[in-house]
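First up is the structure itself, then whatever we jot down about it.
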Amino acid sequence: LALADIAAVEWQPSAGLENGHLRFTVRNAPTKAPAKYDPNAVELWGFKKDPLMALVAAAVQARLPHPAARDAAED
């Protein structure tokens, strides 16, 4: 994925028996599909917490333009 195509990053850690995911929301390709069927998501399995995925999500999010700057550019 190109950074310019990413609109947002969503990290849902695994909790209990539920798997977590790291999802990249791509412009012009919104989806409501579960993470395991979304080509722009990584499903996190198991009981073990994976803090590395939180760091990946934070690193990508930090490089995205601020939402207010994006709205101003579209005007």
- prompt: For the range 9-34, how many residues meet the condition of being at pLDDT 85 or above and of a type in the set (G, A, S)?
  reply: 1
- request: Go through the residues of the range 44-64 one by one and say whether even a single one is within 10 Å of the chain's Cα centre (by Cα) and either at pLDDT 85 or above or among the charged types (D, E, K, R) (or both).
  value: no
- prompt: Pairs, please: C-beta under 9 Å, at least 6 apart or cross-chain, first residue over 10 Å from A41 (Cα atoms) and in the range 1-25, second of a type in the set (S, T, Y) and crowded, with 17+ Cβ neighbours inside 10 Å?
  reply: G20/S14
statement: Filter the range 1-43 for residues that are among the charged types (D, E, K, R) and crowded, with 17+ Cβ neighbours inside 10 Å; the one that is farthest from P67 (Cα to Cα) is D38
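The values are calculated or read from the model by the stated rules, or taken from the named source; none is laboratory data. Model, not experiment: these values are computed from the prediction. Virtual Cβ from ideal backbone geometry, glycine too; neighbours counted across all protein chains shown.
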